[in-house]
Amino acid sequence: MSKKKLVVIGAGMAAGRLLENLVESDSFEITLFNAEPRGTYNRIMLSPVLSGEKSYQEIVTHDDNWYAANGVICRFGEQITSIDRKQKVIVGTQSEVNYDKLVIATGSSPFIIPIPGNDLQGVLSYRDLDDTNQMVEAAGREGAKAVVIGGGLLGLEAAAGLRLRGMDVSIIHLSDHLMDRQLDAAAGLLLRKDLERRGINVRTNASTKEIFGNGKVEGVLLEDGSKIPADLVVMAVGIRPNLAVAKASGLDSNRGILVDSFLRTSDPDVCALGECVEHSGNVYGLVAPLFEQAQVLASQLLGEACDPFVDKALATKLKVTGVDLFSAGDFADGDDREEIVLRDATRGVYRRLVLKDDAVIGCVMFGDTADSGWFFDLIKSCEDISGYRETLVFGPAYAGGGALDPLAAVAALSDDAEVCGCNGVCKGQIVSAINGLGLTSIDDVRSHTKASASCGTCSGLVEQLLALSLGEAYDPVAVKPMCGCTDLGHADVRRLIIAKQLQTIPDLMQALEWKSSGGCAKCRPALNYYMLATWPGIYVDDNQSRYINERVHANIQKDGTYSVVPRMWGGITNSSELRAIADVTDKFEIPTVKCTGGQRIDLLGVKKEDLPAVW
């Protein structure tokens, strides 16, 4: 039975999660289009890439090997020009593809303020890796100045990242306090003071009149007549669903592509998900509901029974290093509402709970967000809190008036409470993995569930879940050995290399009492790397201690064959190079030739014994 043809337009986080849910069934022949010349990466983690805390490679969700292993046909860097719904054909700038089912996940586009100078060189939005790379390049110029227009979540993350890169940064915000959609005025003031302590200039109640410069940005003119010099202007004033292709094809839309509770559009063979859709009057910019949409849509496409997608309360955490901030629910003032406020000026802690009919409907926290998951649970469940109202603001450990229990907060969370917002992982999934798979460390949890594998802000909560699940058996400071050849962990080995002046691998294995005289496939590459890093110019690189991919200059695949990607500088090639690739493909009977997300040619299925001759 031939597979149905599924085409997905867009390779953002929602589409990536959809593919993860679909590929295991092997029910579809999947073609993935993306306007960016790359596959899915964690856009939430662009801020650490901007600040230099992470590299792009660390935030990649699916690389070329993942797509190849799962049979996904990738058309990256290709724009969709039209959708012929009658003929069921996708028309791109380079190809036409038939489909049985189509998923539109085109995401959103940044809103650019219609003011003079918005097209000058140096004016950027902040949505993707290309924007981030341009900001990093601008930050590399000595004495460079940046102005960020917009004091919302994205704007603050951009400002903090650029400041960490050494730029002189100013934030311009139209409202009277930062993050006015997520925070009340008091929390907004605390946030402002925190950013100003970091050397970021904040201007609130400020409206931009013009961006000026001769061909490139020189500064920003405000409505009050003041000028702020700038070499870079980042617009972070909001996003809009990207509807162009959907509207041109005649699909019903409003603010976003209109979908039902199973993510179906007005065409039964076309579905949509992510930031481009509108459901029950709502559009979405946070990742948690997008991952829920992906789960529902995957089940719907596979013909499996599933609950419909429903709108839920949303929570916001600011991912700026050193800023602990949480906001969820409705915290607007009202005659039918009460509020409970905790302020601790010495510790810089602020909590505000909004109550209606003895239920928590909104929460704002700054400085200490450890109990945010529990409060978010209360908002979603509409639980009656009248029995512990007096101690409510102090968190779950005091909900019954008792003494503080470090694990009380995590024990009080429901199984569907979200722990890792970056990857959409709930408490129940983590606890199930710990108990079912025998996980004993946070690294184990990361590798099996992805929880805490991105920004890391939930690491403490994951450790509490380990402690709760394992009890006395959990040892958070236990050393995880490098491998079976030693009882030492990576950090101990690196420390001892320096302390004992160990400059060869045999000397190290003798001095540190290695259990295997030659080491193993796990420790040899690590030791070789540590030696090179510690004794550059002294230690001689051992090629046989490198990982197989490095030794043979190819990527090993699941079936034991290899993938060879000849270098193409800037994606530019010529007829002789292409002819050589074709000749090698024929000579060694290489079964698959494809284009990678980096616009290079990948030869898949090369036998190990053929690798030297292929190169």
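Details
- Scalar couplings 3J(HN,Hα) for segment 574-591, obtained by applying the Karplus form with A = 6.51, B = -1.76, C = 1.60 to θ = phi - 60°, are 8, 5, 5, 5, 5, 5, 5, 4, 5, 5, 5, 4, 5, 4, 9, 6, 6, x Hz; x denotes Gly and Pro.
- Antiparallel %, DSSP beta bridges [both residues in segment 84-195], to 5: 45 percent
- (i) 25.5; (ii) 27.4; (iii) 34.2, with the label sought being that of the calculated Kirkwood radius over Cα pairs in Å: (ii)
- Long-range amide H partners of E339 with built H, under 5 Å: L355
- Sparsely packed GluC sites (Glu not before Pro) within segment 452-529, loop by DSSP, other Cβ within 10 Å at most 11: E513
- When you filter the GluC sites (Glu not before Pro) in segment 560-615 for DSSP loop state and at most 14 other Cβ atoms inside 10 Å of their Cβ, you are left with E589.
- Hypothetical label at A473: residues of segment 433-455 whose amide nitrogen lies under 20 Å (7 Å Cα-Cβ projection): 433-449
- Mean Cβ count within 10 Å, highest first, over the residues of peptides 535-542, 111-118, 215-222: 215-222, 111-118, 535-542
- Applying a threshold of 23 Å to the alpha-carbon distances of K145/K216; K145/K209; K3/K312; K3/K88; K54/K515 flags K3/K312; K54/K515 as lying beyond it.
- Taken per residue, the accessible surface of segment 203-331 reaches 43 Å², heavy atoms only and a 1.4 Å probe.
- The accessible-area ordering, largest first, of the residues D507, D333 stands as D333, D507, per a 1.4 angstrom probe.
- Partners of K86 within straight-line reach, counting lysines whose Cα lies under 16 Å from its Cα and excluding those fewer than 8 residues away in the same chain: K5, K101, K247.
- Under 5 Å between amide hydrogens, built in the peptide plane, is the criterion, and for E278 it picks out G256, I257, L258, V259 among residues at least 5 positions away or on other chains.
- The string of couplings for segment 525-539 from the Karplus curve (6.51, -1.76, 1.60, θ = phi - 60°) is x, 5, 5, 4, 5, 4, 5, 4, 6, 7, 10, x, x, 10, 6 Hz, one whole number per residue in order, with x for Gly and Pro.
- Lysines with Cα under 16 Å of K587, excluding same-chain neighbours fewer than 8 positions away: K607, K608
- Rounded percent of accessible protein surface that carbon and sulfur make up, the chain, 1.4 Å probe: 48 percent
- Derived scalar couplings ³J(HN,Hα) [segment 351-364; Karplus, 6.51 cos²θ - 1.76 cosθ + 1.60; whole Hz; x for Gly, Pro]: 9, 9, 10, 10, 10, 8, 6, 6, 9, 7, 10, x, 8, 10
- In segment 1-68, the GluC sites (Glu not before Pro) that fall in loop regions by DSSP, at most 15 other Cβ within 10 Å: E24, E53
- Extending 7 Å from Cα along the Cβ direction at E304 and again at K3 yields two label points whose distance is 1.7 nm.
- Zone of R141's modelled label, taken as backbone nitrogen in segment 196-228 under 13 Å from a point 7 Å along Cα→Cβ: 213-219
- In this structure segment 45-146 gives 48 Å² per residue of accessible area when probed at 1.4 Å with all protein chains present.
- A full extension of the chain between D583 and E383 corresponds to an added length of 65.1 nm, given 0.36 nm per residue minus the alpha carbon distance.
- Helix content alone sets the calculated 222 nm mean residue ellipticity of the chain: runs of n ≥ 4 DSSP H residues at -39500 (n - 2.57) each, divided across all residues, give -8500 deg cm²/dmol.
- Relative contact order for the chain, counting Cα pairs under 8 Å that sit 6 or more residues apart, in percent: 10 percent
The values are calculated or read from the model by the stated rules, or taken from the named source; none is laboratory data. Because the structure is predicted, anything quoted here is derived from the model rather than measured. No Cβ is skipped: glycine too gets one built from the backbone with ideal geometry, and neighbour counts run over all protein chains shown. Keep in mind that these areas ignore ligands, DNA and RNA; they rest on the heavy atoms of the full protein, side chains included. Shrake-Rupley method; radii C 1.70, N 1.55, O 1.52, S 1.80 Å.
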